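Below is one structure, written out as structure tokens; comments come after it.
The values are calculated or read from the model by the stated rules, or taken from the named source; none is laboratory data. Predicted, not measured: the structure shown is a model, and the values here were computed from it. Cβ atoms come from the backbone with ideal geometry, glycine included; neighbour counts cover every protein chain shown.
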Amino acid sequence: MFEFLSDRFSKIFSNLSKKRNLNENNIADALADIKKALLASDVSFEIVQSFIQEIKSECIGQKVFQNVQPGQQVVKIVYDKLIEVLGGKYTEVSTQRPLRVLMVGLQGSGKTTASAKLALWFKNKGERPCLIACDIYRPAAIDQLKILGQQIDVPVFAYGQISVNEIATKGLKDAQTANCNVMIFDTAGRLQIDTALIEEVKNLKHVVHPEETFLVMDSALGQEAVNVAKTFHNELELTGAILTKLDGDTKGGAALSLKRAVDIPIKFSGIGEKVEDFEKFYPDRMASRILGMGDIVSLVEKARSEMDNDTVESLSQRLMSGEFNFSDFLLQIQQMKKMGTHGLGKWLPGIAGLQMDDAYSVEMKQNEALLLSMTPQEREKPSLLNSSYRRMRITKGAGLNVSTFNKFLKRFQMMKKMSQKLRKADPKKLQSMLKMFSGGNDFLTKNLFDNK
Ligand SMILES: Nc1nc2c(ncn2[C@@H]2O[C@H](COP(=O)(O)OP(=O)(O)O)[C@@H](O)[C@H]2O)c(=O)[nH]1
Ligand SMILES: [Mg+2]
């Protein structure tokens, strides 16, 4: 996926990273190469222009970090920009239920396949999806949907070639009777956008009132993606896109153009012909794949937050092994004092969402006091604290009362529970992720919680 672009980027950046000093000339050379690479990947000219312009101005305003070469910093800037162009943060699908999803797009883009894939995705999350066949022009399309539905054991409502409005009305009713909470409407496409097609889907939209309208788009579409997306968006107010056939040799034009062209998030990607070949689309992971320079990116990230890398890494390893004890807890608190929950949260998922407000820092100070008044053996082996005498001594030693001790234990249990959860995650996946993002960063957090 995006091999073409990532090959080019790798070359540009390995040249740049070797340079000790960056000056206007070698930055300009690199930017010219990036521009060529993007244009050759069929990203639209306007988008490439603004992309390059923005990178240039960021490069100029950069502070130099110790231990990081300027060339590596440029990689990080391009990486951040790529994430933004690919959509920024991942946005979740609507949580409303019942949920109505309208799938639109050109013929052959992968709507019918993506409808089934999406249904399976919802089903695997414990929802009750169904599929409604609204492609009335090709009887084969209805059969295709029925077969897919059977394969994933999801009901398909099809009514033959009656008007789409009637189909929608009947479909909604039947879906309700069947107690489905996610209704996915597979529509007809044309080879090219034409007004009749748009009118038909618009009518359908008036009847269905979908919470989500997804544009299904072949990722090989290139810069034509801009026009297609703009037209569909103007007429139908899209809420997101599904990028298909990312398993093929796509250059990246469509993916890199969508957000800037119409400002809709890419929510999913199709990565093969099978119904399981479907995943959430994460702009940051995609950017990392395109750049193929995860190591440099994390190096710069680390330099930025000035982390005490070794300690934190071993802490997160301990957490994942499920062996979190009081010594680890103490280490964690001390690290947190150094770099805040935000910095540490990148490594230790459980605390990513915690706000370091006043109450929380008081609690942390108390916890630290309690931990420090334990013996080293007690910190290594929490079960030693089953003695109420020792608990009282420790609490007194820390100048606190019993209720704070109980609160402390609760917090510790929370961490421990989380570590067990992490341990249950697929170890192979964990390992490969750790390897891929050697040293950890945002990806680690997201991967850990999303792949279970
Ligand atoms: N390799 C690959 N093929 C896909 C993917 N999604 C769809 N296809 C294929 O693309 C073709 C058109 O898909 P279909 O769902 O019928 O498109 P529709 O006309 O928009 O409904 C079919 O042969 C699918 O198997 C994908 O993510 N990867
Ligand atoms: Mg179809």
Checklist entry - Just for the range 221-274: of the residues that are within 16 Å of ligand 1 (Cβ to nearest atom) and among the basic types (Lys, Arg), which one is nearest to residue 51 (Cα to Cα)? => result 251
Next on the checklist: Whether any residue in the range 194-204 is in contact (Cβ under 8 Å) with a residue 24 or more places away in the chain, closer than 22 Å to residue 275 by Cβ and within 16 Å of ligand 2 (Cβ to nearest atom) is what I want to check.
Outcome noted: no
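Working only within the range 104-133, note down all residues that are in a helix (DSSP H, G or I), within 16 Å of ligand 2 (Cβ to nearest atom) and under 20 Å from residue 219 (Cβ atoms).
Across the range 104-133, the qualifying residues are 111, 112, 113, 114, 115, 116, 117, 118.
Can you pull out the residues in the range 105-123 that are touching a Lys or Arg at 6+ places or on another chain (Cβ under 6 Å) and small (Gly, Ala, Ser)?
Passing the criteria: only 105.
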Item to check | Matching option when the condition is in a helix (DSSP H, G or I), within 15 Å of residue 72 (Cα to Cα) and not β-branched (Val, Ile, Thr), among 14, 57, 6, 50 | outcome: 14
Item to check | Matching option when the condition is in the same structural domain as residue 121 (by TED's automatic domain parsing), within 16 Å of ligand 2 (Cβ to nearest atom) and over 18 Å from residue 94 (Cα atoms), among 252, 222, 270 | outcome: 270
Checklist entry - Taking interchain pairs and intrachain pairs at least six residues apart, which have beta carbon atoms under 9 angstrom, with the first residue in the range 380-392 and among the charged types (D, E, K, R) and the second not in a helix (DSSP H, G or I)? => result 380/325; 381/325; 390/374; 390/375
Checklist entry - How many residues does the range 136-158 hold that are of a type in the set (Phe, Trp, Tyr) and either modelled with pLDDT under 95 or not assigned by TED's automatic domain parsing to the domain that holds residue 114 (or both)? => result 1
Checklist entry - Applying the selection to the range 261-279, what residues are surrounded by fewer than 18 Cβ atoms within 10 Å (Cβ to Cβ) and either at pLDDT below 90 or of a type in the set (Gly, Ala, Ser) (or both)? => result 272
Checklist entry - Got a number for residues in the range 239-255 being crowded, with 22+ Cβ neighbours inside 10 Å and farther than 13 Å from residue 1 by Cα? => result 2
Next on the checklist: What's the total number of residues in the range 80-122 that are within 13 Å of ligand 1 (Cβ to nearest atom) and among the charged types (D, E, K, R)?
Outcome noted: 2
Next on the checklist: Checking the structure you have, find out if any residue of the range 225-233 is within 16 Å of ligand 2 (Cβ to nearest atom), charged (D, E, K, R) and over 17 Å from the mean Cα position of the chain (by Cα).
Outcome noted: no
Item to check | Number of positions in the range 162-177 that are surrounded by 12 or more Cβ atoms within 10 Å (Cβ to Cβ) and either within 32 Å of the chain's Cα centre (by Cα) or of a type outside the set (Val, Ile, Thr) (or both) | outcome: 10
Checklist entry - Any residue in the range 101-122 that is more than 25 Å from the chain's Cα centre (by Cα), touching a residue at least 60 places away in the same chain (Cβ under 8 Å), in the same structural domain as residue 31 (by TED's automatic domain parsing) and surrounded by fewer than 20 Cβ atoms within 10 Å (Cβ to Cβ)? => result no
Checklist entry - Among the residues of the range 86-112, which ones are hydroxyl-bearing (Ser, Thr, Tyr) and farther than 10 Å from residue 242 by Cβ? => result 90, 91, 94, 95, 112
